[in-house]
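All remarks here apply to the structure that follows.
The values are calculated or read from the model by the stated rules, or taken from the named source; none is laboratory data. Worth saying up front: this structure is predicted, and the values here are computed from it rather than measured. Cβ sites come from the backbone with ideal geometry, for glycine too, and all protein chains shown count toward neighbours.
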Amino acid sequence: MMKSIQIGLKVQALRKAQNMTQEDLAEITGVSWRTISNLETGRTVPKLELIYNIAQIFQISIDELLTGKTQTNKPFSRLKLENQVIADLQNLDDNMLYHFKEYILLLKKDFD
């Protein structure tokens, strides 16, 4: 089983991939946003009911949520990097975000 911080990072990645706020996830799961915040930062270990609800919301197995093994078996370091990239992208202004998207499209063409 993963450490609580790893579970938290997994939940955070799933939540952000769905463009959800901590408040959104808290409302859906019936807990406070502080509970979600504490979960994502590894300060608390989630109760089984919360683990079940989160797995259901994001349509993944409890095993996937707790072990971190995804369909692509992304390691913890990969999830952490993805979260950092997402955070960096969210801080870009619209113009920079557009240029970044164009750059990614150019890179993809080079690899195709």
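Filtering region 9-37 to residues that are within 20 Å of L89 (Cα to Cα) and either in a helix (DSSP H, G or I) or among the hydroxyl-bearing types (S, T, Y) (or both) leaves L9, K10, V11, Q12, A13, L14, R15, K16, A17, T21, Q22.
Residue check: is L9 crowded, with 18+ Cβ neighbours inside 10 Å, in contact (Cβ under 8 Å) with a residue 24 or more places away in the chain and more than 28 Å from F100 (Cα to Cα)? It would help to see each step written out before you state the result.
Details: crowded, with 18+ Cβ neighbours inside 10 Å: yes; in contact (Cβ under 8 Å) with a residue 24 or more places away in the chain: yes; more than 28 Å from F100 (Cα to Cα): no.
Criteria not met by L9.
A residue that is outside any helix (DSSP H, G or I) and either without any contact (Cβ under 8 Å) to a residue 24 or more places away in the chain or surrounded by 13 or more Cβ atoms within 10 Å (Cβ to Cβ) (or both) occurs somewhere in region 93-104. Restricting attention to region 48-69 and to residues that are part of a helix (DSSP H, G or I) and at pLDDT below 90, the residue that is nearest to the chain's Cα centre (by Cα) turns out to be L65. Of the residues making up region 78-87, none is surrounded by 15 or more Cβ atoms within 10 Å (Cβ to Cβ) and out of contact with any helix residue (DSSP H, G or I) (no Cβ under 7 Å at 6 or more places or on another chain). Residues considered: I36, I57. Of these, the only one that is in contact with a Ser or Thr (Cβ under 8 Å, 6 or more places away or on another chain), aliphatic (A, V, I, L, M) and within 29 Å of I104 (Cβ to Cβ) is I57.
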